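K.L.:
A single structure is presented below for examination.
The values are calculated or read from the model by the stated rules, or taken from the named source; none is laboratory data. Everything numeric here is computed off the predicted structure, so don't read it as measured data. Every residue, glycine as well, gets a Cβ built from its backbone with ideal geometry; the counts of neighbours run over all protein chains shown.
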């Protein structure tokens, strides 16, 4: 069972990393040129071995390759002065040095690429249809990001998307718990068109703009600037933006944010749900305020009531919308419609200024 889960996680990681295969064109061109020169010298030497030493093409290529790689098995060698001269010029003077240079350039490029990826200086040019996270909170960044990414990976609609992070933090690499979830990052600020183009913002499927400091109006100003830049780049992504000051919500929506949500650091699930189900953030946020829709616990004893009948009765009596009941075993949220329920309280969703109490609920359910 464990090995099956590990294999499944490996396949998922491969799927969301397939969009992020980096290509350094300049280095590829340089290595390709060295390789072509090396192949050309091997072919010239092989031709000379066929012409002056009377070897077949297979033996001639074998001799040239073993000479260039300095293996030198000794099963073949040049005997004529013409063959030896060509070997000295092509192999000893050029091919061996070119091969060493090719190997050095290759390993150096791999080390540089690895360092650029780790430090956030690498441009993942092939990444498309990804989830892009712009900016990071100034406080408890590691803990929040780990929770946010874990929730993204647990959401079916987002589970296999590649994730890229643009932040001024982490110049020495992402935390291990974050990078292991298939996240790559770009070091820089989102208030810069060059950085937004480097993370392929115009190709992203989802964009989350995080407020650096919850409650600070400056964070909203930065978010507004980012939204303006995304509009210039022609982004069609679903954009969720955190808003530190409620008075700025409408301005952010008019600037292009499809969803505007308060920065709630303890519950990154709210941000994730708003991306895949826009509108849910309004319902969830209203539950935290008493002057709008809010949850009420009504304590009374009941036994053997069908859940759907309870819901219909209370709705018909305008006593809220039941969402859960409580018994000695705990809270049971949205049980099956035909479930027989017994308990000591219910939790009901009330609209603004709606009144409810235990006597009204008990009387309603007894009818």
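K.L.:
Please pick out the residue among 166, 161 that is over 30 Å from residue 34 (Cβ atoms), part of a loop (DSSP other than H, G, I, E, B) and touching a helix residue (DSSP H, G or I) at 6+ places or on another chain (Cβ under 8 Å).
P.N.:
Answer to the selection: 161.
K.L.:
Loosely packed, with under 13 Cβ neighbours inside 10 Å and at pLDDT below 85: which single residue out of 54, 72 fits that description?
P.N.:
The unique qualifying residue is 72.
K.L.:
Another question about this same structure. Hey, could you check region 224-261 for residues that are farther than 27 Å from residue 198 by Cα and free of Cβ contacts under 8 Å to residues at least 24 places away in the same chain and say which is surrounded by the most Cβ atoms within 10 Å (Cβ to Cβ)?
P.N.:
Among those that are farther than 27 Å from residue 198 by Cα and free of Cβ contacts under 8 Å to residues at least 24 places away in the same chain, it is 249.
K.L.:
Of the residues 177, 115, 151, which is assigned by TED's automatic domain parsing to the domain that holds residue 228 and surrounded by fewer than 17 Cβ atoms within 10 Å (Cβ to Cβ)?
P.N.:
Only one candidate qualifies: 177.
K.L.:
Next up: Might you check whether a residue that is part of a helix (DSSP H, G or I) and in contact (Cβ under 8 Å) with a residue 40 or more places away in the chain occurs anywhere in region 118-130?
P.N.:
Yes, there is a match, as at least one residue in region 118-130 is part of a helix (DSSP H, G or I) and in contact (Cβ under 8 Å) with a residue 40 or more places away in the chain.
K.L.:
Further, regarding this structure: Only one residue in 234, 258, 188 is modelled with pLDDT of 90 or more, assigned by TED's automatic domain parsing to the domain that holds residue 153 and under 29 Å from residue 284 (Cα atoms). Which one?
P.N.:
So the residue among 234, 258, 188 that is modelled with pLDDT of 90 or more, assigned by TED's automatic domain parsing to the domain that holds residue 153 and under 29 Å from residue 284 (Cα atoms) is 258.
K.L.:
Next question, about the same structure. Tally the residues that are touching a residue at least 40 places away in the same chain (Cβ under 8 Å) and either under 47 Å from the mean Cα position of the chain (by Cα) or in a loop (DSSP other than H, G, I, E, B) (or both), restricting the search to region 342-360.
P.N.:
Residues in region 342-360 being touching a residue at least 40 places away in the same chain (Cβ under 8 Å) and either under 47 Å from the mean Cα position of the chain (by Cα) or in a loop (DSSP other than H, G, I, E, B) (or both): 13 in total.
K.L.:
Right, residue 182: touching a residue at least 24 places away in the same chain (Cβ under 8 Å), within 10 Å of the chain's Cα centre (by Cα) and farther than 13 Å from residue 133 by Cα or not?
P.N.:
yes
K.L.:
Now a separate question. Tell me which of these residue 138 doesn't satisfy, since it passes every other one: (1) at pLDDT 90 or above; (2) surrounded by fewer than 18 Cβ atoms within 10 Å (Cβ to Cβ).
P.N.:
With respect to (1) at pLDDT 90 or above; (2) surrounded by fewer than 18 Cβ atoms within 10 Å (Cβ to Cβ), residue 138 is out only on (1).
K.L.:
Any residue in region 64-86 that is free of Cβ contacts under 8 Å to residues at least 12 places away in the same chain sitting within a Cβ distance under 7 Å of a residue that is in a loop (DSSP other than H, G, I, E, B) and exposed (fewer than 13 other Cβ atoms within 10 Å of the Cβ)? List the pairs, counting only those 6 or more apart or interchain.
P.N.:
Between residues of region 64-86 that are free of Cβ contacts under 8 Å to residues at least 12 places away in the same chain and residues that are in a loop (DSSP other than H, G, I, E, B) and exposed (fewer than 13 other Cβ atoms within 10 Å of the Cβ), the close pairs are 66/72; 66/73.
K.L.:
Only residues that are farther than 18 Å from residue 257 by Cβ and under 8 Å from the mean Cα position of the chain (by Cα): list them for region 130-151, please.
P.N.:
If the condition is that a residue be farther than 18 Å from residue 257 by Cβ and under 8 Å from the mean Cα position of the chain (by Cα), then 130, 149 are the ones that fit.
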